[in-house]
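Down below is the structure, laid out as structure tokens.
What follows draws every value from the coordinates through simple rules; no lab data is involved. This is a predicted model, so every value here is computed, not measured. In this analysis, Cβ positions are derived from the backbone assuming ideal geometry, glycine residues included, and neighbour counts consider all displayed protein chains.
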Amino acid sequence: MSGRGRLLAGLAVLGIGVAGFVTYSVLSGTTPTTPTIPTEPAACKPPDDDLRSTSIARDERANGASEVTEFVAGGEYRVTRCDSDGDLLVSQTVSPIRAPDGSVAVIPTKIERPASTVSVLYGDPDDPRWAADFKEKEAALRRSTIAPTEPPPRPPAAVVPNTPAAATAGRRSAQVASDACTNGQFVRSDGTWKTRSYNYRINRARFNFNATTIRSIVRGHTTWDATRNSCGLRDITKLTSRHLGSTSAAADLNQPDGHSVTDMGSMAGTDCSIAIACTIQFPGPNNTAVETDQRFNTRYRYSNTGAAGAYDFQAITTHETGHSIGLGHANSSSALTMFFQALTGTTQARSLARGDVRGLRARYP
């Protein structure tokens, strides 16, 4: 028997297997050592630690980085990328929206990074200005979209957000309101207000000091405070928004300054380049919110009356404020205020639908 064979046999007599966790250096007489056991890479989790689907794909890379994709009904998905410690790098919610040519465009409606969450509200396919901007930016939008970890289990299908362009504003309102009081969908987003209240200011100069517009914006915020809806649902939620007046400060699209501001301005070169409006929420510890900024895009037309061809200030603010208080986009019906594609010529989104109210109650029980 060789020297190695005699050694292994001796270890066997001692009851120590060659594959055991404890080894001894017999020749040198040194103390026992425990070999290093490779650690499993930290699991990549979505920013809010809330998996939205049981249909999930994961991938781990050689450098320890990883990603997870959740496939949601209707062809929507959320893909989250993490570093080797499992910490967030970026997360995108990618949704099938209706493009102006009637096709389906699968593009980001929400982008989450460690320091901010950006929610993008896209425009009306029948709005000529938005349609032109979409055509110009579509290729860049598709390039910025993170592909799912593996192909989706079913092809995407966009919810038709309106009737044909020839429809009147009244017919459009009737169409989108058809399931407002029966559709209960809502989506959580990270960041709620721990004190159940938040303060904000409006840069009135950006709205030409129009008092009616300022009132529309304020009322969009208070819609959630009062649970204003047309479904007969009671206000049982304690939430308070406080308008502190005007400011010369601008909404922050990248870095927080500790002040929540609503303004109107350019979104060129940002994640919101063709958004009708965007909300940027800056998170605090334990999924709380510390600042929320809203911006209307100067490229598009707005009104306070639901005028044809214009987006309604109050309706858009109501949608954006849903993000400010911790709700994400709904993808099942344009009857929901939190639907990710806005319409011109209607005030429908001023009033919360059943799913919006359910979301409000879930976030502030």
Ranked SER273, SER216, SER103, criterion: other C-beta atoms within 10 Å, fewest first: SER103, SER273, SER216
Could you give the length gained on full extension between ALA115 and ARG301, defined as 0.36 nm per residue of separation minus the Cα-Cα distance, in nm? 63.9 nm
Given axes a ≥ b ≥ c from the Cα gyration tensor, I'd like to know whether the stretch 232-365 is rounded (a/c under 1.5), prolate (a/b larger than b/c) or oblate. oblate
Quick one: if the Förster radius is 22 Å, what FRET efficiency do ALA308 and THR212 give, using the C-beta to C-beta distance and rounding to 0.05? 0.75
Using the per-residue mean of other Cβ atoms lying within 10 Å as a proxy for protection, in what order, highest first, do the peptides 223-232, 135-144 fall? 223-232, 135-144
Most exposed to least, judged by fewest other Cβ atoms within 10 Å, GLU150, GLU320 sort to GLU150, GLU320
Nearest 5 is fine: what % of DSSP beta bridges in the stretch 261-365 come out antiparallel, could you say? 50 percent
Taking the Cβ of ASN208 as the center, what net charge do the other residues with Cβ under 15 Å away carry, scoring Lys and Arg +1 and Asp and Glu -1? +3
If the chain between SER53 and THR240 were fully stretched, how many nm would it gain, using 0.36 nm times the residue separation less the Cα-Cα distance? 64.1 nm
Ordered by fewest other Cβ atoms within 10 Å, a rough proxy for footprinting exposure, GLU112, GLU67 read GLU67, GLU112
